[in-house]
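Worksheet: one structure, shown below.
The values are calculated or read from the model by the stated rules, or taken from the named source; none is laboratory data. Nothing here was measured: the structure is a model prediction, and the numbers come from that model. Cβ atoms come from the backbone with ideal geometry, glycine included; neighbour counts cover every protein chain shown.
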Amino acid sequence: MSITPTAAQALQILAQATGPMLRRQIEQQAGHPARGDLWQLRTQGLVASEIGHAAGQGALAHYTITPSGRAALARHRREAAQGGAPAAHRRHGPSGTYEGAELGQTCQRPGAYDAFRHPSRIGGQLVWPRGFAA
């Protein structure tokens, strides 16, 4: 299980906290919204939340880091220290130059591409396709 850099930042903030924190406090320290990150971390079991009530503010969630959250943060730090991107951001797939052969004119039906030889009307003007002139 990998975590995004912003989720790792939220875990870091919670790991340094001396007690439960409100989402607003986490966002102030992170400098960006954390609602999505906290939801992701909570569903993965890396963060726990308890609902408390404050006078005039209604229900508020207090977040704490779980033992598995501390382990995930340590794993994220190790991956970052090894010089590679965290697992969630590594590029996978083919390398080399993309030729786009499947995007060419592959239809065998006569007249299938005749419309591409005619101009389009844009804002009252006729605009011809590349390679064709008026």
> For the stretch 32-46, what are the residues that are over 17 Å from the mean Cα position of the chain (by Cα) and surrounded by fewer than 16 Cβ atoms within 10 Å (Cβ to Cβ)?
Replying inline: Gly45
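Return a yes/no flag: does the stretch 31-43 have any residue that is touching a Lys or Arg at 6+ places or on another chain (Cβ under 8 Å) and in a strand (DSSP E or B). Talk me through it step by step, then tell me what you get.
From the stretch 31-43, those touching a Lys or Arg at 6+ places or on another chain (Cβ under 8 Å) are 34-35, 38; that's our starting set.
This time we only want the ones that are in a strand (DSSP E or B), so: none.
Looking for residues that are touching a Lys or Arg at 6+ places or on another chain (Cβ under 8 Å) and in a strand (DSSP E or B), one finds none in the stretch 31-43, hence no.
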>> What's the total number of residues in the stretch 6-31 that are among the β-branched types (Val, Ile, Thr), closer than 15 Å to Leu60 by Cα and surrounded by fewer than 18 Cβ atoms within 10 Å (Cβ to Cβ)?
In response: 0
>> Looking at (1) over 20 Å from Arg77 (Cα atoms); (2) crowded, with 19+ Cβ neighbours inside 10 Å, which one does Ile3 not meet, given that it meets all the others?
In response: (1)
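Here are some residues: His62, His76. Which one is in contact with an Asp or Glu (Cβ under 6 Å, 6 or more places away or on another chain) and either at pLDDT 80 or above or acidic (Asp, Glu) (or both)? Spell out how you get there, then give the answer.
Numbers: His76 fails: in contact with an Asp or Glu (Cβ under 6 Å, 6 or more places away or on another chain).
Only one candidate passes the filter, namely His62.
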